Amino acid sequence: MNRLPQLFRLQAALEVLSRQTDVLPAVGGATEEELHPDIDEIEDGKITKDDTLLDEPFEFGQSDTYVPLQPLKRTEDHLFRYFQDGSMRSFFAGTALEHDRQTPVIIGQVGCAALEREDNGRLKIAVHRQRNLLLVAFSQISQPVRDKLQEIVANLGPDYELADIEAHGQATQDLRRRADDSMRQAMILAEAEAMVAVLESKPAGWLVSDGSIRFAKFFEELGRIYGTEQPRVVSVAKNFSKTPRFKLGRGGKNREVNLWQLLADLPEGNRTLAWKACTRDRTVAVWYLRLRLRRYMDYPLMGVIKVELPVLGPDPPTSELVTKLSNALLAERTVTPHGMDRRWHAHLYPVFQAERCVKNSFVSVSTLRAGLHWPPAQPARRTP
């Protein structure tokens, strides 16, 4: 049986726009919107904007700036069993004009996959969430058109959404760039759903989530599942904000350093001390870990990941826990996706596979152009 991609069901919504607005289709058909190359770092900077000075060590039993590690292999202790990552893809389909207003029409896909690793190392899909989005600027279309679009998209089911481009981002931004922010919010919701699906079963192993976990939706669900216990999840970031400063030492001998200075002398297979970081009422222990030899990297921050451990109770985690998690993360540096991703130096292979799983489920540009298109313009009727 031939199954068409779910995204093609948005054809009915395009027909509404074609009938009730003037449409300027994208030249050559729908074109994929390119993400900013440093979007992950920019997003990390937004969520961690309060991390201007990290001056409170946040682990029991450790005060050294650098802590040596020993890889904790899966065959010794299978600590991390779940690996999660999300992704998104969007296409500019054209511009809808109504009177003196206009809005880009964006077709988007967001998704998240959590992979489970068996004891023999084999990966399998544990949870997969995906949504198909139609994005327009609500203020640039009339209420009747919006209501009709909402009716059609709602009837397609819970995996479809009509989203307002202007719901996120800044008013000074171009609408096509603001659509990225709206899609990212939808992706965060998909990631939260996948995380909950894994953690609600209270699995024996831990979950590694790609990107910052310091979002309200994540902490809301973690609090519901764990109360004040330690959640069995860590987040890792390959690209992260470079703005935080750190206070090293105690008493009158302490000094402030920037991130470059902190990581310049961090040896391979070492982690930094964990610091306390907060975004509103959401608290994490944050530290950095060098996966690879610096002399083989193009610049000092390559081969380094940032780790965040959510803390729901009043006490910081033990140094023993932070080190054990770091040892297990260090062992995940092999196998590496060298040559398959420009971020290979900081990629954990199972997380890389989770990202590929999501991207492989998306519709390609050529497939989208072949199956989803604007209806042909109707010729004007002649009056007798």
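The values are calculated or read from the model by the stated rules, or taken from the named source; none is laboratory data. Just so it is clear, the model here is predicted, and its values are computed rather than measured. As a convention, Cβ positions derive from the backbone with ideal geometry for all residues, glycine included, and neighbour counts pool all protein chains shown. Heavy atoms of the whole protein, side chains included, go into the accessibility calculation; ligands, DNA and RNA do not. Shrake-Rupley method; radii C 1.70, N 1.55, O 1.52, S 1.80 Å.
Here are some notes:
- The set of residues from segment 285-300 being open to solvent by less than 10 Å² (accessible area, probe 1.4 Å) and over 17 Å from Leu53 (Cβ atoms) comprises Leu289, Arg290, Leu291.
- Leu207 vs. criteria closer than 17 Å to Ala113 by Cβ and open to solvent by 20 Å² or more (accessible area, probe 1.4 Å): no
- Taking the listed residues Leu149, Leu133, Leu162, the one that is touching a strand residue (DSSP E or B) at 6+ places or on another chain (Cβ under 6 Å) and in a helix (DSSP H, G or I) is Leu149, with no other qualifying.
- Residues satisfying the stated conditions in segment 234-253, i.e. open to solvent by 50 Å² or more (accessible area, probe 1.4 Å) and assigned to a loop (DSSP other than H, G, I, E, B): Lys242, Thr243, Gly249, Arg250
- Tally, over segment 254-273, of residues that are assigned to a loop (DSSP other than H, G, I, E, B) and within 27 Å of the chain's Cα centre (by Cα): 4
- Residues located in segment 267-279, provided they are closer than 21 Å to Thr334 by Cα and either surrounded by fewer than 21 Cβ atoms within 10 Å (Cβ to Cβ) or at pLDDT below 90 (or both): Pro267, Glu268, Gly269, Asn270
- Unmet criterion (only one of (1) in a loop (DSSP other than H, G, I, E, B); (2) open to solvent by 50 Å² or more (accessible area, probe 1.4 Å); (3) at pLDDT 90 or above) for Lys359: (1)
- The set of residues in segment 132-151 that are within 19 Å of Glu33 (Cβ to Cβ) and either without any contact (Cβ under 8 Å) to a residue 24 or more places away in the chain or in contact with a Phe, Trp or Tyr (Cβ under 6 Å, 6 or more places away or on another chain) (or both) contains only Asn132.
- The one condition from (1) more than 20 Å from Tyr66 (Cβ to Cβ); (2) surrounded by 17 or more Cβ atoms within 10 Å (Cβ to Cβ); (3) at pLDDT below 80 that Met340 does not meet is (2).
- Sub-6 Å Cβ pairs linking a first residue in segment 309-338 that is under 18 Å from Ser209 (Cα atoms) and in contact (Cβ under 8 Å) with a residue 40 or more places away in the chain to a second residue that is surrounded by fewer than 16 Cβ atoms within 10 Å (Cβ to Cβ) and among the β-branched types (Val, Ile, Thr), at least 6 apart or interchain, are Leu312/Thr228, ordered by first then second residue.
- Which listed residue, of Glu191, Glu229, Glu220, Glu256, is surrounded by fewer than 17 Cβ atoms within 10 Å (Cβ to Cβ) and closer than 25 Å to Ser87 by Cα: Glu220
- Residues that are part of a strand (DSSP E or B), modelled with pLDDT of 95 or more and in contact with a Ser or Thr (Cβ under 8 Å, 6 or more places away or on another chain) do occur in segment 221-233.
- Each residue in segment 74-97 was checked for being part of a strand (DSSP E or B) and either open to solvent by less than 20 Å² (accessible area, probe 1.4 Å) or out of contact with any helix residue (DSSP H, G or I) (no Cβ under 8 Å at 6 or more places or on another chain) (or both), and 14 pass.
- Flag if Arg282 is of a type in the set (Lys, Arg), crowded, with 20+ Cβ neighbours inside 10 Å and closer than 23 Å to Ala186 by Cα: yes
- Considering segment 117-131, the residues that are of a type outside the set (A, V, I, L, M) and touching a residue at least 40 places away in the same chain (Cβ under 8 Å) include one that is farthest from Gln11 (Cα to Cα), namely Asp119.
- Being in contact (Cβ under 8 Å) with a residue 12 or more places away in the chain and open to solvent by less than 60 Å² (accessible area, probe 1.4 Å) is true of Arg178.
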